[in-house]
Structure formats: structure tokens, C-alpha cells
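The values are calculated or read from the model by the stated rules, or taken from the named source; none is laboratory data. Source: prediction; values computed, not measured. Neighbour counts run over all protein chains shown; Cβ positions are idealised from the backbone, glycine included. Only protein heavy atoms, including side chains, enter the accessible area calculation; ligands, DNA and RNA are left aside. Shrake-Rupley method; radii C 1.70, N 1.55, O 1.52, S 1.80 Å.
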Amino acid sequence: YRWRVDPKRSNGVLADMGSHMIDLARWMVSEITQVSARLGTFMDYPGPEGERMQPSNVTANLLIEFTNGAHGMIHASSVTHVADRFMQQQVNLYGERGSLEIDIPYGFNAGAVLRVARVGEEHFQTMDVPDRYWGEFNRNNLFDLLLQMPYGARSFVDAILEDRPITPNFYDGYKAQQVITAALEEPKSGNWITINPLTPD
């Protein structure tokens, strides 16, 4: 039983892995103002009692527009075979002053690779992640970051205990949910969905 693809409890890969990519896109570029989406629901999974569940999206392709005029694309899939990588994340940023590519395969001896090509350069150059960002954990297993360092849910709990603000926060979750809701609505309407530009005061 996979609750992440149970439409009664989740919104498929769009809400699962897609929510992280939406948040990352907002953090790296700017607020998302419009969404156009195509969701694939071609897999069947058994429910908690063995019955067939209503299909939920296992692939999500989003075209997005940002407040600064930039365009982007988010693709998430829970059915792509990536062998011993377990999971793979790629981020490509292309701008007027150059390009940045980030490749993060999760698995054994995975690490992270950053490549940059500035305007005027003929080849991409590989960049090293500074040691100060890695800390003391095993950089070849990125999941150790969540198990050994105060990140993710642990940092959220620490912020509550210490009564201090934290980012991402509930507002960031709200903005990600706006994009998810728009992506779920767009295939029904066939039109671009505009995101409410509400900002925190």
C-alpha cells in the first residue's frame, strides 16, 4: 500500500516530490504566477485492504511563469527507473549571464555535482561544494544530512522549541500548495491558471 498515491490522502507525485521542486523554484527564482500542467495517472496500486485504488498522478509536468518574467519547467516522476541512484534530482538554471546545472543522485557514493558556464566560456566547469556547507556528515550519502544534521523536520522542531522564525515556513507551504492546486485544476480547464500574488505582511 502506497499512501502517497492514494488520492484520498495525497495528490500523487505532484504533491510528494513536486512540492519540493516548487519550493526550490520559488527560492531560486521568484514567486510563481502562472501554471500549466499535464499529469499522468497510468499506474494502478492496491489500497490498504487490497482493493484497487482510484488512480493518482505518478508523473507531473508543469510549465510555470515567475513574477520576474522567467519561464520554467518542473518534471516529477515516481515511475522512472534510475537504478542504484534510488532517486535523482536535477536543477538547470539558464540566464543572461550564464548557466548553472545541479545534479544530485541519491544513493551509494552519490554526492552532488555543480556545473557552471558563464557568458563567453566555451565549456562547463565543475564547481566544488565548499566544505563549510557539508559539515561533519558523510557527503557521499545525502540522506545522512537529514539523519545527522539539524535540517528538515528536526530544524522545524528546534525552531518551535527555541521560539524563533524559520524558513521554509507555513507561508512557503501555502505558496507551494497554491501551485499544486492550480496544477490539479489546469488539466480540467485547459487554460493557464493564475496564482494569487498574496505576499506575507
Just the accessible area for GLU31, please: 1.4 Å probe, Å², rounded to the nearest 10? 50 Å²
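Exactly which chymotrypsin sites (Phe, Trp or Tyr not before Pro) in the stretch 1-71 are in a DSSP loop and have at most 10 other Cβ atoms within 10 Å?
Values: sites: TYR1, TRP3, TRP27, PHE42, PHE66; in loops: TYR1, PHE42.
The qualifying sites are PHE42.
About the Cα centre of the stretch 1-116, how large is the charge dipole given +1 on each Lys and Arg Cβ and -1 on each Asp and Glu Cβ? Please answer in debye to the nearest 20.
40 debye
For the stretch 157-201, what does the alpha-carbon gyration tensor say about shape, rounded, prolate or oblate, given a ≥ b ≥ c as the root eigenvalues, a/c under 1.5 as rounded, and a/b over b/c as prolate?
Prolate, since a/c reaches 1.5 and a/b exceeds b/c.
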Accessible carbon and sulfur surface of the stretch 1-84 relative to its total accessible area, %, 1.4 Å: 52 percent
Give me the accessible area of SER30, 1.4 Å probe, in Å² rounded to the nearest 10. 20 Å²
What is the distance in Å between the Cα centres of the stretch 75-124 and the stretch 1-23? 22 Å
Is the shape of the stretch 16-63 best called rounded, prolate or oblate, per the rule: a/c under 1.5 gives rounded, else a/b larger than b/c gives prolate, else oblate, with a ≥ b ≥ c the square roots of the Cα gyration tensor eigenvalues? prolate
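As a check on your grasp of the helix formula, calculate [θ] at 222 nm for the chain: sum -39500 (n - 2.57) over DSSP H runs of n ≥ 4, divide by the residue count, round to the nearest 500. List each step's numbers first, then the result.
On the way: 5 runs with 56 residues, N = 201.
Mean residue ellipticity, 222 nm, calculated: -8500 deg cm²/dmol.
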Please get the size of the charge dipole for the stretch 1-50, origin at its Cα centre, with Cβ charges of +1 on Lys and Arg and -1 on Asp and Glu, quoted in debye to the nearest 20. 20 debye
dims of the stretch 40-94, Cα set, principal axes, largest to smallest, nearest Å -> 48, 28, 16
Could you state the accessible area per residue of the stretch 1-103 in Å², with a 1.4 Å probe and every protein chain left in place? 61 Å²
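Where the convex hull is taken over the Cα atoms of the chain, what is its projected area averaged over directions, in nm²?
Mean orientational projected area (the chain, Cα hull): 14.6 nm².
Can you give the charge dipole size of the chain about its Cα centre, rounded to the nearest 20 debye, using +1 on the beta carbon of Lys and Arg and -1 on the beta carbon of Asp and Glu? All intermediate terms of the calculation are to be shown ahead of the outcome.
Details: 17 positive and 25 negative charges, 70 e Å.
In debye, rounded to 20, the chain gives about 340.
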Where does the stretch 1-106 land on Rg(C-alpha)/(2.2 N^0.38 Å)? 1.21
